[in-house]
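Participant: This structure is in structure tokens; I'll ask about it shortly.
The values are calculated or read from the model by the stated rules, or taken from the named source; none is laboratory data. None of these values were measured; they are calculated from a predicted model. Here the Cβ positions follow ideal geometry from the backbone for every residue, glycine too, while neighbour counts run over all protein chains shown.
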There are 2 protein chains.
Amino acid sequence: MSVSQKLLSRRNLTQLGGTIRQVLASKSNDESIHVHGWIKSIRLQKRIAFAMLHDGTTPKGLQVVFRNPTQAKVLTNGASVRLTGALTPSPGPGQHRELVAEAVEILGACDPESYPIQKQALTTEYLRDHAHLRVRTDVQGAVLRLRDTVMRSLHDFFHENDFIYVHTPIITSNDTEGAGESFRLAPIPSRCTDRGVTTQDTEFFNKPSYLTVSSQLHLEVLSNAVARVWTLSPCFRAERSQTSRHLAEFWMLEAELSFVRSVDDLCDVAEASIKHVLRLQSLDRDLLQADIGASWTSTAAAASEVPWARITYTDAIRELQNSGARFEFTPLWGSPLQSEHERWLADSFAHGPIFVTDYPVTIKPFYMRQNDDGKTVACFDLLVPHVGELVGGSLREERSTLLEAAIKRQGLDEEAYRWYTELRKFGGAPHGGYGMGFERLISWLGGIENVRECIPMPRWSGRMLL
Amino acid sequence: MSVSQKLLSRRNLTQLGGTIRQVLASKSNDESIHVHGWIKSIRLQKRIAFAMLHDGTTPKGLQVVFRNPTQAKVLTNGASVRLTGALTPSPGPGQHRELVAEAVEILGACDPESYPIQKQALTTEYLRDHAHLRVRTDVQGAVLRLRDTVMRSLHDFFHENDFIYVHTPIITSNDTEGAGESFRLAPIPSRCTDRGVTTQDTEFFNKPSYLTVSSQLHLEVLSNAVARVWTLSPCFRAERSQTSRHLAEFWMLEAELSFVRSVDDLCDVAEASIKHVLRLQSLDRDLLQADIGASWTSTAAAASEVPWARITYTDAIRELQNSGARFEFTPLWGSPLQSEHERWLADSFAHGPIFVTDYPVTIKPFYMRQNDDGKTVACFDLLVPHVGELVGGSLREERSTLLEAAIKRQGLDEEAYRWYTELRKFGGAPHGGYGMGFERLISWLGGIENVRECIPMPRWSGRMLL
């Protein structure tokens with residue numbers, strides 16, 4: 001073996017044996033190979049037997065043929081096995097190649113009577129209750145791979161555009177949006193020391209600490225030195241509301257960039273990054289969409305030459321008022337858009353993604369950059385069909401006097417935000433950014449009704465398994 | 001403009017203007033361009049002036065020449081600017097090209113008197129106190145970019161080897177290693193409801209919840225369906241110890257794979273993944289190493305054809321006992337290796353990375369796979385010079401009777417781990433995995449003494465800024 005062959009084998013970990021993806025992609029035929037996986041289905045006939053073998057590396061799995069059907073009698077759904085056999089061209093439809101099995105080794109048996117993941121359709125609720133097993137279903141396997149594919153696509157996009165991937169803190173002393181929706185860490189309980197003295201409860205960090213609700217303020221620290229940064233970070237909201245779009249623990253993509261001076265430019269970045277993802281080829285995505293019998297995203301939305309609709313909040317309110325649609329909440333300038341309004345704008349007005357920009361200053365957080373009209377701020381929400389709000393972003397107020405006035409006006413603790421205003425005093429650059437709920441993106445791409453099915457182990461009010 | 005040009009411009013966000021990296025990489029000369037950044041240094045001469053412009057996208061920045069030195073008089077260190085000028089071949093040493101400035105626009109002034117980040121060397125402690133500004137130093141900028149480069153390298157390695165990148169929960173009901181080092185979430189405080197009734201303090205999830213100390217158990221859920229998974233996840237330890245290798249919040253790479261049946265194979269995966277990172281070209285890494293005047297990693301360690309040393313714990317204890325070295329703690333079979341022992345094994349015995357395998361069952365967690373000798377478990381630690389323990393991993397006990405016995409023996413709550421033992425009962429495959437502290441990896445690669453300098457906003461006992 002030459003050195004370069006050795007390098008290859010070390011790097012591709014061939015000593016572990018091939019995955020099903022590798023086996024299906026390899027060129028060799030009729031060689032005896034070993035392959036590992038879990039049995040997904042078995043078809044016993046008189047003179048032949050078939051089984052589907054999955055290892056999660058591909059959506060489709062490997063068809064295995066047993067020329068001696070008694071060999072297959074030891075198999076049960078869910079069992080993990082090591083098979084030896086020859087990879088040969090498949091005469092049947094649905095696959096190019098199949099494994100003609102020679103030897104079967106059961107690595108982990110699976111009792112078909114008690115196995116909770118039966119072949120027949122299982123309800124969403126049942127699968128949520130079996131959180132440790134539901135990833136074994138085709139749908140959840142596809143979601144897991146789709147998340148991976150989408151992340152790689154995003155990494156590519158941001159890297160090509162000179163964004164640095166960064167990690168921002170999870171435990172923080174500040175409570176970004178202030179609405180009492182943060183999880184707080186418990187103080188370290190009192191205990192007996194070696195000397196028999198009982199200590200007081202103490203804050204581990206000597207001050208109250210919370211789980212982050214957004215990485216934005218921390219990203220601004222970094223984007224004021226490294227001009228373009230992004231992260232995909234866990235975020236936490238202690239909200240009691242139970243909707244199909246909210247989780248207590250979720251992943252949020254946030255990007256922040258210096259030297260951006262208009263909301264339009266910021267929308268361009270968000271639009272380009274999402275179109276990049278929409279253009280990716282993913283068999284898993286195709287399968288998930290086939291599962292619902294429709295696609296929630298259109299090919300048109302992915303096309304670069306067709307810009308997504310953009311409308312100001314003020315114009316959006318007017319369109320809503322003139323729509324003739326019946327809303328539970330009357331659209332009124334100065335009030336937040338309700339979900340029903342957002343849905344109408346994306347589904348019925350734009351028939352696709354739509355940016356709504358320049359909301360009233362009174363309904364937005366202190367850090368958004370004030371427009372010259374004094375009434376609105378330079379921000380946007382991206383609304384998409386089926387899901388509603390997918391992205392929210394803004395230019396950040398980089399003028400320290402205006403920022404300090406906004407902090408005061410909203411009754412926030414000026415001392416707590418001193419470091420944040422200092423960013424502006426020492427070479428603060430015009431900048432902006434946005435955040436996108438990753439599970440909402442997966443929901444939209446995959447046509448998955450509820451974000452609880454878009455993350456392997458969802459957490460919401462009253463519910464945390466594993 | 002053709003459609004394909006439009007596609008390119010949309011995708012590369014050229015409307016934002018080029019970053020310094022793009023400007024330096026572009027082929028055009030003498031065209032008038034705009035470029036943004038922060039001033040890092042200024043040299044005023046009688047007939048000419050120079051400045052260095054940084055935007056964090058490259059370690060080196062862009063040299064700017066002012067043919068009219070009065071133009072440069074408005075500049076101060078730290079100010080953010082927009083410069084217009086022509087990119088021309090540089091006659092001076094140190095750069096191929098430079099910007100000959102035509103116009104200067106100050107975007108954010110920076111008062112040189114009060115700016116905390118002065119040109120002279122600042123102590124590590126001073127910079128830690130200025131957490132919101134320290135990323136503006138060359139060293140912290142390099143660390144941020146190195147983290148990004150290393151992450152991309154790891155993504156490439158794992159993707160090529162069919163590992164799926166996954167997200168595991170941060171909030172969890174279990175306390176993996178059980179040593180009381182978990183952060184606990186505070187119950188939601190009592191409050192007045194709309195009806196004037198005061199509610200009780202309640203657990204948001206209806207049970208005690210903690211921050212994860214390791215993703216391993218959750219990864220095992222996934223790797224029992226998708227055979228190879230990995231994550232880079234925040235982990236939390238409420239440890240009071242203050243060493244150069246510990247943080248209360250840190251990032252851990254964890255990989256888990258099914259169908260691996262020997263510790264040697266597992267070591268191969270860890271070794272291949274780290275060697276892949278060691279081979280990457282990084283100017284930032286070179287600069288960090290130049291800063292300490294040495295490299296903590298050797299070219300030999302990166303070479304594929306030289307396997308890293310491997311030794312069993314039992315043999316390691318013997319070597320330590322026969323070493324003639326003076327240790328504070330006597331090396332004794334059955335006791336954990338102390339830091340001084342680990343350092344001796346990597347620095348003086350192996351002169352490089354070394355795997356220590358098969359530790360006594362009595363000093364390891366319940367989930368590690370028992371060896372046939374009944375006394376040791378199939379695990380490894382990877383020790384590297386300067387840093388000590390970089391990686392820890394093991395085969396996991398997949399035999400449910402042995403696993404249940406271990407849970408009982410260690411006095412753990414059998415009911416709490418029922419889902420974990422069930423993974424074995426339904427098609428459980430032989431599997432294993434490992435975890436690597438990401439900040440320790442950065443420390444080793446960059447030759448950075450303390451992990452507090454390897455993460456932008458470090459947290460440790462008593463300390464959390466921002």
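Participant: Is it the case, given these coordinates, that B:Val221 is buried (at least 24 other Cβ atoms within 10 Å of the Cβ), under 24 Å from A:Gln140 (Cβ atoms) and within 7 Å of chain A (Cβ to nearest Cβ)?
Facilitator: Criteria met by B:Val221.
Participant: On to the next question. Considering each residue of region B:224-273, count those that are surrounded by fewer than 24 Cβ atoms within 10 Å (Cβ to Cβ), closer than 19 Å to B:Val377 by Cα and among the polar types (S, T, N, Q), and give that number.
Facilitator: Qualifying residue count, region B:224-273: 1.
Residue by residue, here is whether (1) at the interface with chain B (Cβ under 7 Å from one of its Cβ atoms); (2) modelled with pLDDT under 90; (3) in contact with a Ser or Thr (Cβ under 9 Å, 6 or more places away or on another chain); (4) closer than 27 Å to A:Gly61 by Cβ holds:
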site	(1), (2), (3), (4)
A:His167	yes, no, yes, no
A:Gly178	no, yes, no, no
A:Asp201	no, yes, yes, no
A:Phe204	yes, no, yes, no
A:Thr212	no, no, yes, no
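Participant: Any residue at all in region B:313-323 that's within 14 Å of chain A (Cβ to nearest Cβ) and not aliphatic (A, V, I, L, M)? Even if it seems obvious, please write down each step before you answer.
Facilitator: Here is the first cut: in region B:313-323, the residues within 14 Å of chain A (Cβ to nearest Cβ) are none.
Taking every residue of region B:313-323 in turn, none turns out to be within 14 Å of chain A (Cβ to nearest Cβ) and not aliphatic (A, V, I, L, M).
Participant: Return the residues of region B:180-189 that are modelled with pLDDT of 80 or more and more than 7 Å from chain A (Cβ to nearest Cβ); say none if nothing qualifies.
Facilitator: Listed by number, the residues that qualify are B:Glu181, B:Ser182, B:Pro187.
Participant: For the structure I just gave you, tell me whether B:Lys46 is farther than 21 Å from A:Glu220 by Cβ, among the basic types (Lys, Arg) and touching a residue at least 24 places away in the same chain (Cβ under 8 Å). Steps first, answer last, please.
Facilitator: Details: farther than 21 Å from A:Glu220 by Cβ: yes; among the basic types (Lys, Arg): yes; touching a residue at least 24 places away in the same chain (Cβ under 8 Å): no.
Spelling it out, it is not the case that B:Lys46 is farther than 21 Å from A:Glu220 by Cβ, among the basic types (Lys, Arg) and touching a residue at least 24 places away in the same chain (Cβ under 8 Å).
Participant: When you scan region B:369-382, do you find a residue that is at negative phi, crowded, with 17+ Cβ neighbours inside 10 Å and facing chain A (nearest Cβ under 10 Å), even just one?
Facilitator: No, region B:369-382 contains no residue that is at negative phi, crowded, with 17+ Cβ neighbours inside 10 Å and facing chain A (nearest Cβ under 10 Å).
Participant: Looking at region B:79-99, can you tell me whether even one residue there is of a type in the set (Asp, Glu) and not in a strand (DSSP E or B)?
Facilitator: Keep residues of region B:79-99 that are of a type in the set (Asp, Glu), which gives B:98.
Subset that is not in a strand (DSSP E or B): none.
No, region B:79-99 contains no residue that is of a type in the set (Asp, Glu) and not in a strand (DSSP E or B).
Participant: Could you tell me whether A:Arg396 is within 13 Å of another protein chain (Cβ to nearest Cβ) and either crowded, with 17+ Cβ neighbours inside 10 Å or in contact with a strand residue (DSSP E or B) (Cβ under 6 Å, 6 or more places away or on another chain) (or both)?
Facilitator: Values: within 13 Å of another protein chain (Cβ to nearest Cβ): yes; either crowded, with 17+ Cβ neighbours inside 10 Å or in contact with a strand residue (DSSP E or B) (Cβ under 6 Å, 6 or more places away or on another chain) (or both): yes.
Yes.
Participant: List every residue pair whose Cβ atoms lie under 9 Å apart, where the two residues are 6 or more positions apart in sequence or sit on different chains, the first residue falls within region A:10-24 and is under 16 Å from B:Asp268 (Cβ atoms) and facing chain B (nearest Cβ under 7 Å), and the second residue, located anywhere, is at pLDDT below 90 and in a loop (DSSP other than H, G, I, E, B).
Facilitator: A:Arg10/B:Ser304; A:Arg10/B:Glu305; A:Arg11/B:Ser304
Participant: Sticking with this one: Just checking, does region A:92-105 include any residue being surrounded by 12 or more Cβ atoms within 10 Å (Cβ to Cβ) and under 23 Å from A:Leu466 (Cβ atoms)?
Facilitator: Pass one, region A:92-105, residues surrounded by 12 or more Cβ atoms within 10 Å (Cβ to Cβ): A:95, A:97-102, A:104-105.
Now restrict to residues that are under 23 Å from A:Leu466 (Cβ atoms): none.
No, that holds for no residue.
Participant: Let me ask you something else. Does region A:118-127 include one or more residues that are surrounded by 17 or more Cβ atoms within 10 Å (Cβ to Cβ) and assigned to a helix (DSSP H, G or I)?
Facilitator: The answer is yes, given that some residue of region A:118-127 is surrounded by 17 or more Cβ atoms within 10 Å (Cβ to Cβ) and assigned to a helix (DSSP H, G or I).
Participant: So A:Thr58 passes all but one of these: (1) within 21 Å of A:Val23 (Cα to Cα); (2) polar (S, T, N, Q); (3) free of Cβ contacts under 8 Å to residues at least 12 places away in the same chain. Which condition number does it fail?
Facilitator: For A:Thr58, the failing item is (3).
Participant: Filter region B:343-359 down to the residues that are hydrophobic (A, V, I, L, M, F, W, C) and in a helix (DSSP H, G or I), then identify the one that is farthest from B:Cys267 (Cα to Cα). Spell out the reasoning first.
Facilitator: Step one: list which residues in region B:343-359 are hydrophobic (A, V, I, L, M, F, W, C), which gives B:344-346, B:349-350, B:354-356.
Pick out the ones that are also in a helix (DSSP H, G or I) and you get B:344-346, B:349-350.
Details: B:Trp344: 20, B:Leu345: 17, B:Ala346: 16, B:Phe349: 19, B:Ala350: 16 Å.
Across region B:343-359, the extreme among qualifying residues is B:Trp344.
Participant: While we're on this one: Residue by residue through region A:406-429, note down the ones that are closer than 15 Å to A:Leu219 by Cβ and within 31 Å of the chain's Cα centre (by Cα).
Facilitator: A:Trp419, A:Tyr420, A:Leu423, A:Ala429
Participant: Turning to a different aspect of this structure: Which of the residues belonging to region B:7-25 are of a type outside the set (A, V, I, L, M) and either modelled with pLDDT of 80 or more or not in a helix (DSSP H, G or I) (or both)?
Facilitator: Listed by number, the residues that qualify are B:Gly17, B:Gly18, B:Thr19, B:Arg21, B:Gln22.
Participant: Can A:Gly56 be described as part of a strand (DSSP E or B) and modelled with pLDDT of 95 or more? Let's see the steps before the verdict.
Facilitator: Numbers: part of a strand (DSSP E or B): no; modelled with pLDDT of 95 or more: yes.
When the stated conditions are applied, A:Gly56 does not pass them.
To keep it simple, each residue is scored yes or no on (1) free of Cβ contacts under 8 Å to residues at least 12 places away in the same chain; (2) closer than 26 Å to A:Thr168 by Cα; (3) within 14 Å of another protein chain (Cβ to nearest Cβ).
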position: A:Met252; (1), (2), (3): no, yes, yes
position: A:His276; (1), (2), (3): no, yes, yes
position: A:Asp284; (1), (2), (3): no, no, yes
position: A:Gln289; (1), (2), (3): no, no, no
position: A:Trp296; (1), (2), (3): no, no, no
position: A:Ser304; (1), (2), (3): no, no, yes
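Participant: Restricting the search to region A:87-139, which residues are of a type in the set (Asp, Glu) and at the interface with chain B (Cβ under 9 Å from one of its Cβ atoms)?
Facilitator: To start, the set of residues in region A:87-139 that are of a type in the set (Asp, Glu) comprises A:98, A:102, A:105, A:111, A:113, A:125, A:129, A:138.
Across region A:87-139, the qualifying residue is only A:Asp111.
Participant: Something else: So, of the residues in region A:449-466 that are more than 11 Å from chain B (Cβ to nearest Cβ) and modelled with pLDDT of 95 or more, which turns out to be surrounded by the fewest Cβ atoms within 10 Å (Cβ to Cβ)?
Facilitator: Within region A:449-466, the subset more than 11 Å from chain B (Cβ to nearest Cβ) is A:449-453.
Right, trim to modelled with pLDDT of 95 or more and you get A:450-453.
Values: A:Asn450: 16, A:Val451: 23, A:Arg452: 22, A:Glu453: 22.
Applying the filter and picking the extreme gives A:Asn450.
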